[in-house]
1. Do you know which residues across the stretch A:202-218 are assigned to a helix (DSSP H, G or I) and either modelled with pLDDT of 85 or more or buried (at least 17 other Cβ atoms within 10 Å of the Cβ) (or both)?
2. For the stretch A:433-447, what are the residues that are open to solvent by 40 Å² or more (accessible area, probe 1.4 Å) and within 14 Å of chain B (Cβ to nearest Cβ)?
3. Being surrounded by fewer than 21 Cβ atoms within 10 Å (Cβ to Cβ), touching a Lys or Arg at 6+ places or on another chain (Cβ under 8 Å) and among the aliphatic types (A, V, I, L, M) narrows it down to one of B:Val42, B:Val32, so name that one.
4. Can you find, within the stretch A:94-134, the residue that is farthest from A:Gln69 (Cα to Cα) among those that are touching a strand residue (DSSP E or B) at 6+ places or on another chain (Cβ under 8 Å) and of a type in the set (A, V, I, L, M)?
5. What are the residues in the stretch A:115-135 that are part of a helix (DSSP H, G or I) and either within 21 Å of A:Glu204 (Cα to Cα) or in contact with an Asp or Glu (Cβ under 7 Å, 6 or more places away or on another chain) (or both), if any?
6. Could you name every one of the helices (runs of 4 or more DSSP H) located completely within the stretch A:249-314 that has at least 1 residues being farther than 22 Å from A:Arg332 by Cα?
7. Among the acidic types (Asp, Glu), open to solvent by less than 20 Å² (accessible area, probe 1.4 Å) and either part of a helix (DSSP H, G or I) or within 14 Å of another protein chain (Cβ to nearest Cβ) (or both): is that true of B:Glu148 in this structure?
8. Residue by residue through the stretch A:82-96, note down the ones that are more than 15 Å from A:Leu161 (Cα to Cα) and assigned to a helix (DSSP H, G or I).
Amino acid sequence: MLGTFNWITIVWPMVASACLVLGLIHLRIVFGDGQRAPHLFFAIAAFAVAVVSGFELTLLCTSDLARYQEVLRWAVVPIGIMVAATACFIRSFFGTGRLWLLVAGVALNLVAQAANLLSAEPVVRHAVDLKQVTSFGGAAYTVPTIINGSWERVELLSVLLVLAFMADASWQLWKKGGRRRAVVVGGGALFFLFVARGHAVLIENGLLQTPYFVSFAFLGVICAMAHELSSDVLRVAMLSRRLRESEWRSDLAARAASLGFWTLDIQKDELWASDSARALFGVSPDERISMNRFFELVHPDHRDAVKRAIENSLKGSGEYEVDYRVQLDDGRIRWISAHGRTDFDEAGKPRLFSGALADITERRQSEIELRQLRGQLAHAGRVSVMGQLAASMAHELNQPLGAILSNAEAAELFLKQDPPALNELADILADIRKDDERAGEVIRRMRALLRRQDMECVTLDVNPLVQDVFRLVSADAALRQTVVQLDLAPDLPGVEGDRIHLQQVVLNLIMNALEAMGAQSAPKRVVMVSTRRGEDGTVRLCVADSGPGISEASLPLLFDPFFTTKPNGMGMGLAICHRIIEAHAGRIRAENRAEGGALFTVTLPARAGVSSG
Amino acid sequence: MSIPAPTVYVVDDDVSFLTAVARLLRAGGYAVKLYSSADAFVKDPPPEPVGCVIVDLHMPGMDGMELQEVLARSSSPLPVIFLTGHGDIATSVHAMRKGAEDFLTKPVNREKLFEAVQRALVRNALQRAAGARDRELRALYETLTPREREVMTHVVAGRLNKQIAADIDAAERTVKAHRASIMAKLRVQSVADLVRLSQSLGL
C-alpha cells in the first residue's frame, strides 16, 4: 500500500514538506535577530504539523491493527506539541490572552498524553477495528473504529481550554485594535483547530469515513500564522529600506556638516563609528576601534574631562556634551565637539551610548584669533595711554638715574681726594642702590601694563590696583598741575578679574579726567578716585573730575568705538574699557556731576567671602 | 662788609636727587645749600646774592619757571640753571629767553654741571662787580648839587658853556665853575668820560 502512488501519498507529504520549509525559514529567523519568540513557536508548530502529517499518512496506509494502535498512540505527542506551540505563538505574537487558560490547557494536554503513553493500554483513544475504504481516484485508505479511553475527556477539555485561550487572546487583540491579525491568526487558528478536532471526533465516532486531515487543518493555521509573520518580515524589509534611505540622507547631512557618528554598544562592548567620524580621528575605515584606542587619540589635556563626561552620561544624566582636542597620528591637532546620549534599558542599565561629532577646529581657531585680536586691541589701547604717560615716565625715570649718576661721580671725586673721603662712600652706595630700585620699580609698573595680551582671571583687591595706577599717573598729574585724590573704602570685597585689564580701565579713566581739565585753572583741577562697597554685592569704582563735563549729545555715544571728543583721539579708549568691564560681568556708566565735571562709575561683581581688609 | 663765598643753591622736590647733586657739588669744592621746594627758597632766601641757583622745572607748588620770575624781580638776580627730568624745546627756549643761565636735563654728567655752575658763578661775580661800580658812580653822582646835575645834562648833551649860561640864565663863568666842580666830584678828566659815565648811570 505504502509503495503505491495516489493522491493521498502525494498530498500528505506535500503538507509535511510545506510545513517543514516554513518551519525551517522561521527557525532561521529565530537564530537571526529581532522578535524571536513568535518565530520559534511558529517553527515548532510547523515541524509538529509536518510530523503529524507523517503520522496521518502512516495511519491511512496501515492495515495492521497493532501497528495502527501504536502509531495512533504516539500521534498524540506531535498533536499536543502542535496545539501548545500554536497557542504559545498566539500568546507571544499577540501579547494578549489569559495566561492561566494557556497554562491550564497545555498542562492538561501534557497530563493526558503522559497518561496515554505511560499506561500499558492507550487511555485516550484506541482503534478496535480497521476497514479499508477506497476513495475517488482509486486511492485506498484505512478507516479505524475508535473507542475513547477514560482520559479522552481530559484531552478534550485541554483542547477546549486552548480554544478558549485563543478566543480570549483574539478578542482582546481585537479590542486593542489589531483586528486583522485577530481575525486572520486568531480566527484562523480557532476555526482550523475546531474543524480538525471536530472532524476527528466525527471519524472516530464512525459518523464520517474520510481520511484524517488534522495536518490539513493545521496547515491552514500555519498558513494564517505565516501570513501574519511574513507581513512582519515584509515590514522589516520595508523599514530596513527606509532606514537605508534615512541613513543615506543623514550621511549626506553629516558629510555636509562634516559630522561623524558613533555608537558604543555597552553590553557587547562594541564601538561603531561612521566613516566620517573615523576620518575626524584619522582612523582608517577598516581599523577596529576600542575605547582605549579612542582615549589614546584624545589629547592628554582632555582625557580626564572626556572620561568624566562619559561616566556622567552612563551613570545617570544620559546627556553627553564635551569639546576636546584630538592628536592625529600625523601630529595635527583637531578640535572636536561631541554631543551624545545614553540609551538605557528597562532595568535602567546603559544599553547604547551614541552621538555625533563635529569638527570645530576652524571655529576654535577663529575664537582664539578673535580673543587674540581683542587682547591686541586692549594692548594697543594700553600702549597708547602709556604713550601719553611717556613724558612723565621719562621724568620719573630720569630722577633716580640722575641721582645715581651724580652719586657715582661724587664718589669718584671723593676717591681722588687725599686722603680719600671713604666715609661718604657707604652713604653714596646705599643711595645708589635705593635709586636703582626706584628706577626698577618705575619700569616694572610700566612693563606690567604693557606686557601681557591675553586675559587671566584671578581674585584681586581693587584698592591696591588703584594705588598702583595712582603711582603711575601721579608724575603726569603733577606735570599737569592736577591733584589726584584717592578715597578708598577699607572693607572692600575682592573681585574676579584680570589685573592688567582692570588697571588699564582705571588708567584710561584717570587719563581722560586729567585731559578733560586742561582748560581749567590750576586750583580747580582735581580728580577724585574712590572705591565703595555696593549694597548689592558689588564693588564700585568712581572717577570724578572737575572739568567741563560731557555734552548731552556725546553721552550716549561715549563708549562706541571711534567716537572721540579729542582733536587727535582714536576713540578707542572708552570702547576698550567698556569691553573689558563687560568681560568682567560688570558695568561702566558715564554721567555729569551736579557740581560740574564728569563722573565715570565702574561696577564689578564682588567675589563672595573675600575681603581686602 | 665781607663778601661771602659763592654758594650753589639747589632746589628740587626729589630728596634723593637733591642729596646726590649736593654731594657731587661739595666733592667739586662748592658750597651748597639745599631747598626741597621753590616756596622754601622764597621763604628763606640767601642773605647775599652770591652764587647761583639750580632748580628743577617741575615741582609741586611753585615750579622752576615761577621761581625764576621771582628771582628776576630782585635787584641783583642770582643766575638760574634749570635741571629737569624732561624738557621740551619750547620750555627750554622760554627759560633761556627769560635769562636762564643753562637748561640741563637729568641725568647730567659732572662736566656739564660743573661747567654750567662755573659759568653761572662767573656771571654772578661779573654782575656783582658791575653792580659795585654802578653803586660807586651813583654815590659820586649823589654828591652833585641840583644845579650841577642840571648843568651836567646840558654838558652831556654837547652844548657850549655860552649856550648853557643862556639856557639856565646864569653867567658863563658860573657855568664854567659848575663844570669844573662836576668833573672833580665825578673824578673824570674829559667830557667823553663824563658822557660814558652818564650813560652807565642811565641818565
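1. A:Ile203, A:Glu204, A:Val214, A:Ser215, A:Phe216, A:Ala217, A:Phe218
2. Narrowing the stretch A:433-447 to residues open to solvent by 40 Å² or more (accessible area, probe 1.4 Å): A:433-434, A:436-438, A:441, A:443-444, A:446-447.
Selection gives A:Arg433, A:Lys434, A:Asp436, A:Glu437, A:Arg438, A:Glu441.
3. Only one candidate passes the filter, namely B:Val32.
4. To start, the set of residues in the stretch A:94-134 that are touching a strand residue (DSSP E or B) at 6+ places or on another chain (Cβ under 8 Å) comprises A:124-134.
Now restrict to residues that are of a type in the set (A, V, I, L, M): A:124, A:127-128, A:130, A:133.
Details: A:Val124: 11, A:Ala127: 6, A:Val128: 8, A:Leu130: 10, A:Val133: 18 Å.
Here the residue is A:Val133.
5. Quick first cut of the stretch A:115-135, residues part of a helix (DSSP H, G or I) only: A:115-118.
Within the stretch A:115-135, A:Ala115, A:Asn116, A:Leu117 qualify.
6. Working: elements: A:275-281, A:291-297, A:300-312.
Once the helices (runs of 4 or more DSSP H) in the stretch A:249-314 are filtered for at least 1 residues that are farther than 22 Å from A:Arg332 by Cα, what remains is A:300-312.
7. Considered against the rule, which asks whether it is among the acidic types (Asp, Glu), open to solvent by less than 20 Å² (accessible area, probe 1.4 Å) and either part of a helix (DSSP H, G or I) or within 14 Å of another protein chain (Cβ to nearest Cβ) (or both), B:Glu148 comes out as yes.
8. Just the residues of the stretch A:82-96 that are more than 15 Å from A:Leu161 (Cα to Cα), to begin with: A:89, A:92-96.
Once the filter is applied, which keeps residues that are more than 15 Å from A:Leu161 (Cα to Cα) and assigned to a helix (DSSP H, G or I), the stretch A:82-96 yields A:Phe89, A:Ser92, A:Phe93, A:Phe94.
The values are calculated or read from the model by the stated rules, or taken from the named source; none is laboratory data. Note that this is a predicted model, so its numbers are computed, not measured. Please note: Cβ atoms are built from the backbone with ideal geometry, for glycine as well, and neighbour counts cover all protein chains shown. Remember, those area values only see protein heavy atoms, side chains included, never the ligands or the DNA or RNA. Shrake-Rupley method; radii C 1.70, N 1.55, O 1.52, S 1.80 Å.
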